[in-house]
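Trainee: Let me give you the structure first, and then I'll get to my questions.
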Amino acid sequence: MPQFELQRRQFISALGAGAALPLFSWPLSSAAESVVNSLGESVSVDVAPEIHLLKRCSFGLTPESVARIRQIGRAAYIEEQLNWQAFDDSAVNNHVQTQHPQTALTDCKLLVAEPMATGNALIDARLVRAVHSKAQLHEMMVEFWTDHFNINLLHSDYVKKLKIKDDRDVIRHHALGSFRDLLGASMLSPAMLIYLDNSNSIAKTPVDNYARELLELHTLGVDGGYTEQDVKEVARCLTGWSVAVDPKAWSCGYDAGFQYYDFLHDQGSKTVLGHNIPAGGGMQDGLLLRDILVAHPSTAKFIAGKLCRFFISETPSASTVNAVAAAYGADGDIKGMLRALLNSAEFNSARGNLYRRPFHFVAAALRSLQLPAGHSLQAAARYTTEISGHGCYQWVTPDGYPWQAAYWHTPYGAITRWMFSMLSGINLIQDGSLMNLAPVMNTSTVNGVVAGLSEQILGHSLPDNQHQALSSFVSQGQNPDAPANLQQRVIAAAYTVALLLSSAHFQAN
């Protein structure tokens, strides 16, 4: 049975299992509808600066991450996250290697691997790392650059296999390095060259698809000052830049990576953005092109603007964008730009003005519930992203998934999030995971459960009226301040988890 269909059946089956609980039945009772509507209201709350930083620079809060930032302070936490390679992520790495071994295959083994298996391994490993890696800022930047250098996994069987190499050796390796190195690695990525047709670009018939996206989406931006002639000249610079995928050579020891074919390259002189590239340069033409693009001032401003929209708001101020661009430096210092951004007044004052996309939503839910890697809810999380139109690596066009809240904040999007939130509550009752949560075990009242889960999942208390409405509902007619046995607290926790995850507080970021 295909994995996608298996996830769908598990998802629907689990939802059906919760029908006996009042909150999880349909239509909702008037009491349930009332509390759902209350929590759906967007209410401003005072979020502590360290919680705000965690929410923006990670895939969601965990008790451990909150304790860590409060222990070492905001500034030290930023530096610790920027120094991502110092983290001991052996637990998550071992899980990925054991459960998704295709992600570690060498080039030659990737070429003979089964395409669907490699694609599924890459998608599942992405969610595991987003949820469980200690290097959360690095994972956020992996998401950022994955969209920036978008490659549609469903493009072809070659891409299903070679995107693993792109994710591992391009995006992840350079996510917090220099933009020069990152761009250079992407230009040599077999998956990228196949996806944007440059593997077929030769001197006699140059293909300008990759050249156009290289200028418009990867470096200068659509208003970056290039011309149609520049696009054509860039395409000429990259003729002969292709991929070695000869099926006769599919044996271990064969490097199925980038291949430059000098006899297919346009050896004439070129002029790109006013820079002369002499004749006879061969592959050096593309390397000179990379340096021209990296050094162009439009590139610094374009990357800075995208980072600010990712971390601050959909409409960041020009002054903040310029300050982040100023930290770009000669080679595109990604860490320097992030320091400028995360320490800006505009970042620190932004609250709740971003909307979690589906992948971020499910990852944040899994993190907040402290579920182990491989938990059954992970399959439902992946399925939720796919039915929401946010399946990993599956955006068709090269511009990457949209960031605008208006694209994701739709009635259908709300339904899929509601379904996942309800499923989370049901699932955690069924497998006993709720009894591993401190807010359930370290209190004797339903009010204590609601208060503790609000802090753990949202990072702050609910406004009084919402807290009272939620506590009253989940106590099922009993006094929420009266002593409650374990069963009562577990059921209250299931309701609370479902309602908090579907609340406006959790959707906003």
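None of the figures in this text is laboratory data; all of them are computed from the coordinates on show. Not measured: the values here are computed from a predicted model. Because the Cβ atoms are built from the backbone with ideal geometry, glycine has one as well, and the counts that use them run over all protein chains shown.
Trainee: Once the Cα atoms of the range 112-267 are picked out, what are the Rg and Dmax in Å?
Mentor: 16.2, 50
Trainee: If each residue's Cβ is checked for other Cβ atoms within 10 Å, how do Thr416, Thr385, Thr227 rank with the fewest at the top?
Mentor: Details: Thr416 21, Thr385 24, Thr227 10.
Going from sparsest to densest Cβ surroundings: Thr227, Thr416, Thr385.
Trainee: Can I ask one more? Please report the Cα spread of the range 311-440 along all three principal axes, rounded to whole Å, starting with the longest.
Mentor: Cα extents, longest axis first: 54, 37, 26 Å.
Trainee: Right, here's the next one. So if I average 1/r over every pair of distinct C-alpha atoms in the range 298-349 and take the inverse, what Kirkwood radius in Å does that give?
Mentor: On the way: mean 1/r = 0.0963 Å⁻¹.
By the Kirkwood definition, the hydrodynamic radius is 10.4 Å.
Trainee: Hydropathy first: keep DSSP H helices in the chain averaging at least 0.5 on Kyte-Doolittle, then drop any whose Cα extent along the axis falls short of 20 Å, and list what survives. The partial results should precede the final answer.
Mentor: On the way: long enough: 3-17 (21 Å, -0.19); 115-132 (26 Å, 0.43); 297-311 (21 Å, 0.47); 411-431 (30 Å, 0.36); 486-501 (22 Å, 1.36).
Span-like helices in the chain: 486-501.
Trainee: Given a cut-off of 43 Å, what percent of all Cα-Cα pairs of the chain lie beyond it? Intermediate values should be presented prior to the final figure.
Mentor: Working: 27495 of 129286 pairs.
Cα-Cα pairs in the chain separated by more than 43 Å: 21 percent.
Trainee: Something else now. Could you compute how fast the range 405-474 diffuses translationally, taking Rh as the Kirkwood radius over C-alpha pairs and applying Stokes-Einstein at 10 °C with viscosity 1.306 mPa s? Give it in µm² per second. Don't skip to the answer; put the middle values down first.
Mentor: Values: Rh = 13.7 Å.
The diffusion coefficient I find is 116 µm²/s.
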